[in-house]
Amino acid sequence: MTAEPSPLVETLQELHRKYAPVAIGKVADYIPELSKADPSWFGIAVVAVDGRTFEVGDSRRPFSIQSVSKPFVFGLALEDHGRERVLSKVGVEPSGEAFNSIVLDEATNRPFNPMVNAGAIATTDLVDGAGPAARLGRLLEMYRRYTGREVHVDAATFLSERATGHRNRAIAHLMLNFGMIEHRVDETLELYFQQCAAMVDCRDLAVMAATLANGGVNPITGERALEADYVKDLLSVMLSCGSYDFAGEWTYRIGLPAKSGVGGGLLAVVPGVAGIAVFSPPLDPRGNSVRGVLVCRELSERHRLHILEPGGAGRSLAEAIGRGSAPDATAREGGRP
Ligand code: DON
């Protein structure tokens, strides 16, 4: 008996075919290494909370995680210091500003939230460890728990951002002035550039998103990546601030906690159901992957994924994941061995 093709793989293939010809958006070039990306690269992956994996296109092509790292480092800071201390250094308020804006909350001197660069540098500063190697080691170990494999920092991307990241240096020094970060500014900036230069693929991002969808436990390895109590902290700031000055529109139209990065990666979490990831380097003016936003929007509309949807977000996606199983040549479907 031949297994029925998975309806979800068919949907992903259809969205890939539909949006591959989209020629709008621009590959990031303010970090020179990123400008080498091919605008046609395009992958989509979905990982269910039972570990089943559905992927199409360039889902295994490595790219740097960039800002998609930010919620996960926020989680590490929360585990290291607890809510009270972390929230004394970074707010949870959408800024309505660009991701790299040089602005702090006038009343508290805190960066607005952990998703903009200022807030992300403040949370990276909170990563514990005796010196740069130990701190980087803890960060990479965190990525390993979420992805289920060893993750490395790409030297060329790291050096490229270190050589050009003057705006982030300005932000870090402004925060030092207000006591929002410690005096090891250069060490923290290097760690932030390394965190952004970590190499992942689209499937990795879907596993990371599925880990959050699954209450902090990686659905493929079964390992806990984040204390259960902090999962909602990450998801809240991803929903309200994850797409910067597009966050209101994102929440209204798509309604899923999400995070984008200038490397072209974008992940979205369907709590209790699955993680979704898209990789496509051309960005809109706000720094979000153009095809990434289009795919998430259509998936959300088709499967009624908005978390405020009456009757339970993601039910139709869960059904699509649950039915059928056959992979084909261009779409792989796997899962727990
Ligand atoms: O700090 C930066 O500018 C980059 N390393 C990360 C920015 C980023 O990914 C913004 N996201 N869309």
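The values are calculated or read from the model by the stated rules, or taken from the named source; none is laboratory data. Bear in mind that the values here come from a model prediction, so they are computed numbers and not experimental data. Don't worry about glycine lacking a Cβ; one is built from the backbone with ideal geometry, like all the others, and counts go over all protein chains shown.
Looking at 128, 105, which is the one that is more than 16 Å from the ligand (Cβ to nearest atom), in contact with a Pro (Cβ under 9 Å, 6 or more places away or on another chain) and over 21 Å from residue 250 (Cα atoms)?
Working: 128 fails: in contact with a Pro (Cβ under 9 Å, 6 or more places away or on another chain).
Of 128, 105, the one residue that is more than 16 Å from the ligand (Cβ to nearest atom), in contact with a Pro (Cβ under 9 Å, 6 or more places away or on another chain) and over 21 Å from residue 250 (Cα atoms) is 105.
In segment 79-106, the residues that are closer than 20 Å to residue 169 by Cβ and assigned to a helix (DSSP H, G or I) form Cβ pairs under 9 Å with partners that are of a type in the set (Val, Ile, Thr) and modelled with pLDDT of 90 or more, at six or more places apart or across chains, as follows: 89/123; 89/181.
Scan segment 156-177 and give yes if some residue there is in a loop (DSSP other than H, G, I, E, B), on the phi < 0 side of the Ramachandran plot and within 13 Å of the ligand (Cβ to nearest atom), otherwise no. I'd like the intermediate steps shown before the answer.
The initial filter retains those residues of segment 156-177 that are in a loop (DSSP other than H, G, I, E, B), namely 165.
Narrowing the set further to residues that are on the phi < 0 side of the Ramachandran plot leaves 165.
Filter again for within 13 Å of the ligand (Cβ to nearest atom), leaving 165.
The answer is yes; a qualifying residue exists.
In segment 28-40, of all residues being in a loop (DSSP other than H, G, I, E, B) and in contact with a helix residue (DSSP H, G or I) (Cβ under 6 Å, 6 or more places away or on another chain), the one that is farthest from residue 163 (Cα to Cα) corresponds to 28. Within segment 162-179, no residue satisfies the criterion of being crowded, with 16+ Cβ neighbours inside 10 Å and either over 16 Å from residue 124 (Cα atoms) or modelled with pLDDT under 95 (or both). For residue 146, the criteria (1) within 16 Å of the ligand (Cβ to nearest atom); (2) closer than 30 Å to residue 249 by Cα; (3) assigned to a helix (DSSP H, G or I) hold in every case but one, which is (1). Say whether the condition of being modelled with pLDDT of 95 or more, within 17 Å of the chain's Cα centre (by Cα) and more than 21 Å from residue 199 (Cα to Cα) is met by at least one residue in segment 94-113. Yes, segment 94-113 contains at least one residue that is modelled with pLDDT of 95 or more, within 17 Å of the chain's Cα centre (by Cα) and more than 21 Å from residue 199 (Cα to Cα).
Residue check: is residue 70 basic (Lys, Arg), at pLDDT 95 or above, closer than 22 Å to residue 204 by Cβ and buried (at least 18 other Cβ atoms within 10 Å of the Cβ)?
Working: basic (Lys, Arg): yes; at pLDDT 95 or above: yes; closer than 22 Å to residue 204 by Cβ: yes; buried (at least 18 other Cβ atoms within 10 Å of the Cβ): yes.
Yes; evaluated as a whole, the condition is true for this residue.
Quick check on segment 262-278. Is at least one of its residues in a strand (DSSP E or B), within 8 Å of the ligand (Cβ to nearest atom) and buried (at least 24 other Cβ atoms within 10 Å of the Cβ)?
Going through segment 262-278, the residues in a strand (DSSP E or B) turn out to be 265-270, 274-278.
Checking the rest, the ones that are also within 8 Å of the ligand (Cβ to nearest atom) come to none.
No: zero hits.
For segment 107-124, which residues satisfy the criterion of being part of a helix (DSSP H, G or I) and either touching a Lys or Arg at 6+ places or on another chain (Cβ under 6 Å) or basic (Lys, Arg) (or both)?
Keep residues of segment 107-124 that are part of a helix (DSSP H, G or I), which gives 117-124.
Those that are part of a helix (DSSP H, G or I) and either touching a Lys or Arg at 6+ places or on another chain (Cβ under 6 Å) or basic (Lys, Arg) (or both): 120, 122.
The set of residues in segment 80-104 being among the charged types (D, E, K, R) and surrounded by fewer than 17 Cβ atoms within 10 Å (Cβ to Cβ) consists of 80, 83, 84, 85, 93, 97. Applying the condition of being farther than 27 Å from residue 158 by Cβ and of a type in the set (Gly, Ala, Ser) to segment 26-56 and asking which residue is nearest to the ligand (Cβ to nearest atom) yields 48. Are any residues in segment 178-194 of a type outside the set (A, V, I, L, M, F, W, C) and either without any contact (Cβ under 8 Å) to a residue 12 or more places away in the chain or within 15 Å of the ligand (Cβ to nearest atom) (or both), and if so, which ones? Scanning segment 178-194 gives 183, 186, 188, 190, 192, 194.
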